[in-house]
Amino acid sequence: MEFVRGRLIVREPPGYRHGLSAEKLGRLIANYVHESELGTFVAAEAGFKLSSNPDTVRAADAAFIGRDRAPDPPPVGYLALAPDLVAEVMSPNDPAGEVLNEVGDC
C-alpha cells in the first residue's frame, strides 16, 4: 500500500520474479554503498513521506540516502524526505502511467 495525495492506494504483492530482481539490484547497490561508506541503503518497500497536506508516502524497492542526509539514529516510521536514489523493479502488470506518477513524486 502507498498513500498518494491523501488517498490510500492498495496493490497486490509483487510476484516471485519481482522479488528475485529486487534482491539482486538491492544487493548490488547495498554492497557498493556500504563498502564505500556513502550513506544508508534501505529495501523491503521502505516508506518515505514525500509531502504533507495532503500526505504522500511512497514505498521503494531499494533506496539510498547519502550520509550527510541520513538521520542518526534512524527514526521510527517514515523518513520525511526523498531518497537520493530510488530503484523500482517494474512488474509486467505495472501500468506505465502509474510508474511515471511514482517517478514524478520523487
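Quick note: the coordinates plus some simple rules give every number you see, no bench work behind them. Please read these numbers as outputs of a predicted model, since none were measured by experiment. No Cβ is skipped: glycine too gets one built from the backbone with ideal geometry, and neighbour counts run over all protein chains shown.
With unit charges on the beta carbons (Lys and Arg positive, Asp and Glu negative) and the dipole taken about the Cα centre of the range 1-50, which residue among Val42, Gly26, Val4 sits farthest to the positive side?
Val4
Quick check: from the Cα gyration tensor, does the range 1-89 come out rounded (a/c under 1.5), prolate or oblate?
Cα axes put the range 1-89 in the oblate bin.
By per-residue mean of other Cβ atoms within 10 Å, what is the highest-first order of 17-25, 74-82?
Most protected by this proxy first, the peptides run 17-25, 74-82.
Nearest 20 debye, what's the magnitude of the dipole of the range 9-55 about its Cα centre given +1 on Lys and Arg Cβ and -1 on Asp and Glu Cβ?
That gives a dipole near 160 debye.
Give me the extension gain from Asp72 to Leu8: residue separation times 0.36 nm, minus the current Cα-Cα distance, reported in nm with one decimal.
Taking Asp72 through Leu8 to full extension adds about 20.1 nm, to one decimal.
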